[in-house]
1. Among the residues of region 330-352, is any under 16 Å from T420 (Cα atoms) and either modelled with pLDDT of 95 or more or within 16 Å of the ligand (Cβ to nearest atom) (or both)?
2. Here are some conditions: (1) at pLDDT below 85; (2) within 42 Å of the chain's Cα centre (by Cα). G88 meets all but one. Which one does it not meet?
3. Would you tally the residues in region 205-250 being part of a strand (DSSP E or B) and either buried (at least 18 other Cβ atoms within 10 Å of the Cβ) or touching a helix residue (DSSP H, G or I) at 6+ places or on another chain (Cβ under 9 Å) (or both)?
4. Can you tell me which residue in region 401-412 is farthest from the ligand (Cβ to nearest atom), limited to those that are under 29 Å from E274 (Cα atoms) and free of Cβ contacts under 8 Å to residues at least 24 places away in the same chain?
5. Just to be sure I understand, how many residues within region 151-191 are open to solvent by 90 Å² or more (accessible area, probe 1.4 Å) and either among the aromatic types (F, W, Y) or at positive phi (or both)?
6. Which strands (runs of 3 or more DSSP E) sit wholly inside region 264-350 and have at least 2 residues that are open to solvent by 40 Å² or more (accessible area, probe 1.4 Å) and farther than 25 Å from D389 by Cα?
7. Looking only at residues in region 375-400 that are without any contact (Cβ under 8 Å) to a residue 40 or more places away in the chain and more than 15 Å from the ligand (Cβ to nearest atom), which one is most open to solvent (accessible area, probe 1.4 Å)?
8. Filter region 404-417 down to residues that are open to solvent by 20 Å² or more (accessible area, probe 1.4 Å), of a type outside the set (D, E, K, R) and closer than 18 Å to V362 by Cα and give me whichever is modelled with the highest pLDDT.
Amino acid sequence: MQSTLTKLFVSWCLLMLAVPVAFFWFRPGIVPDHEFEVFAKLLLLVGLAVAAGLTFTYTISKRWVKRTATLQRFADALPAGEADLPDGGPEELQSLAKAMRAMASRVRQVVDRANLELSRRETILACMAEGVLAVDNNLKVNFCNEAFASAFNARTPVVEGRNLYEVVREPVLRDILERVVKTGTPERDLFRLPSAAGRWFEARALPLGNKLIRGAVIALHDVTDIERQEQVRKDFVADVSHELRTPLTAIRGYAETLLDGGLEDGANNRKFVETILSHSIRLANIASDLLVISELDSNAGPVAPSEKVPIMEVIESACNTVEGAAAAKRVRIVRDDCLPCAVLGYRFRLEQVIVNLLDNAVKFNKNDGEILIECGPAPDGKVRVSVSDTGIGVPSEELKRIFERFYRVDKSRSRAAGGTGLGLPIVKELVERMNGTVTVESTLGRGTKFTILLESA
Ligand code: ADP
């Protein structure tokens, strides 16, 4: 702008000089010889006109230059500039300044909104449980949230522009991101990642940007627990089918034997029917234990201590239940060391716990053995109930596994005794639901002691 004005000014000066020079050049007669005075006056007039023009043009151009410089500074400072555009300056530039002021306010609004949106998204992505990572078309990391970085033990914060392989060394992730960047097609996959402690992830990858510069974003959802539950469920179904098959096969086999002439076999027919009976008892036991397990799994059972239960009454009732089985093995049940006290619990479930423990204490006892039941107050406002037997005991390396579903130290012995492998898991689950704990001590060949701690009422 300044240079245009200067050029205008110089052109104007030259024009002002050129007019009188041309006039005298082509009309020399107007200046007679020696009449220099007229010529000098004319020249002076021209000089004055030039000086006036110069001053005028300089003043005007200075105002324009000053104002346009202000406008330029204002425009340069956008959108961050806080300064306002003051009024004033040439009239022609005032409407431009007004338009720029309105534009600046709109630009600031748009930028503020964009910044707010950006920080909102970053906060949401940062606190998401899902791992999120974005890469550009060269597989350089644009964004990586905390969850993603911690799943792969990457150092946080992940610096923008780092190569993907420096953050994650998983070929499966590289492949999926490469494919999405190349084809622009969203992808979904489920995989187990060794570098993320072998956890299972469901990944969803989407393209980012346009065809020319296409990046990709991947979101990882940790499904390890779901996968584990699914595996537990599959194992459980397999175990149940296996457990049911054994008695069912035996029942079917013996029934067929009876029909194929076994009924007439006076020496063995009673034995066949007894075997069918014992296997059907086992089936009934499995069915009832499975019912309890499924009730517990579906959270239908008691979740918190709900009533005051006199422990002596529960022990009495449980003893009555196993009395017959104990008598058959001449096992003596001693409960002289029981002090009357009450616990916070659920009566029916508590009785089931004691019955399961007594049932095992009979099953795995020796003939003429003994079962000792003790109960009484324990420290920290608890009540201790223990069931000890003089049975076969449990090898120490097996102790930590006997609370697992379907786990039995000696499968054939347990089955022969009508066991299901679900008694102790039910005990543990029920006791824990009553805010209690169950522990076991055992000496092989000498006996086992289960101790329950429950909240005193
Ligand atoms: P089961 O129906 O076989 O008794 P449990 O879950 O009650 O199933 O017990 C699991 C296993 O723990 C039993 O098969 C047995 O090997 C062992 N066990 C439980 N209680 C005793 C005990 N009092 N003495 C010896 N072994 C026991």
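1. Within region 330-352 (the criterion being under 16 Å from T420 (Cα atoms) and either modelled with pLDDT of 95 or more or within 16 Å of the ligand (Cβ to nearest atom) (or both)), the answer is yes, since at least one residue qualifies.
2. The failed condition is (2).
3. Qualifying residue count for the region: 12.
4. By that ranking, first place goes to S412.
5. 1
6. Qualifying strands (runs of 3 or more DSSP E): 307-310.
7. Start the filter on region 375-400 by keeping residues that are without any contact (Cβ under 8 Å) to a residue 40 or more places away in the chain, which leaves 376, 379-380, 397-398, 400.
Now restrict to residues that are more than 15 Å from the ligand (Cβ to nearest atom): 376, 379-380.
Numbers: G376: 8, P379: 95, D380: 142 Å².
Here the residue is D380.
8. Here the answer is V409.
The values are calculated or read from the model by the stated rules, or taken from the named source; none is laboratory data. Just so we're clear, the structure is a prediction, and the values are computed from it rather than from any experiment. Positions of Cβ are generated from backbone atoms using ideal geometry, with glycine treated the same way; all protein chains shown enter the neighbour counts. Accessible surface is based on the protein model in full, side chains and every heavy atom, while ligands, DNA and RNA are left aside. Shrake-Rupley method; radii C 1.70, N 1.55, O 1.52, S 1.80 Å.
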